[in-house]
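Everything below concerns the one structure shown next.
The values are calculated or read from the model by the stated rules, or taken from the named source; none is laboratory data. Predicted model, so just to flag it, every value in this text is computed and none were measured. Virtual Cβ from ideal backbone geometry, glycine too; neighbours counted across all protein chains shown.
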Amino acid sequence: MVMDPVCNMDVDEKTAKEKSLYKGKTYYFCAPGCKKEFDKNPDKYVGKAPKPGSCCGH
C-alpha cells in the first residue's frame, strides 16, 4: 500500500486506476479528482502532509 499524496488515503498500487509520473516517481490516487488536483500543482503535494478531506471526502 502507498498513500495518496492529496488526501492521505491508503491506495493499493497494484490495482490503482489513477496514477501520475512526476520527476521519475509514480504517485497513486484513490480517485480521479485526487489525480487531477495533483496534476495541477504536484509540488504542492510532494513531500508535504495533506489535509484530511482535502479533495475527495475520504
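Does residue 30 fit the bill of being at pLDDT below 95 and surrounded by 12 or more Cβ atoms within 10 Å (Cβ to Cβ)? Full working, then the answer.
On the way: at pLDDT below 95: no; surrounded by 12 or more Cβ atoms within 10 Å (Cβ to Cβ): yes.
No.
Rundown of residues vs (1) surrounded by 14 or more Cβ atoms within 10 Å (Cβ to Cβ); (2) part of a helix (DSSP H, G or I); (3) at pLDDT 95 or above; (4) of a type in the set (D, E, K, R), yes/no style:
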residue: 14; (1), (2), (3), (4): no, no, yes, yes
residue: 19; (1), (2), (3), (4): yes, no, yes, yes
residue: 36; (1), (2), (3), (4): yes, yes, yes, yes
residue: 51; (1), (2), (3), (4): no, no, no, yes
residue: 55; (1), (2), (3), (4): yes, no, no, no
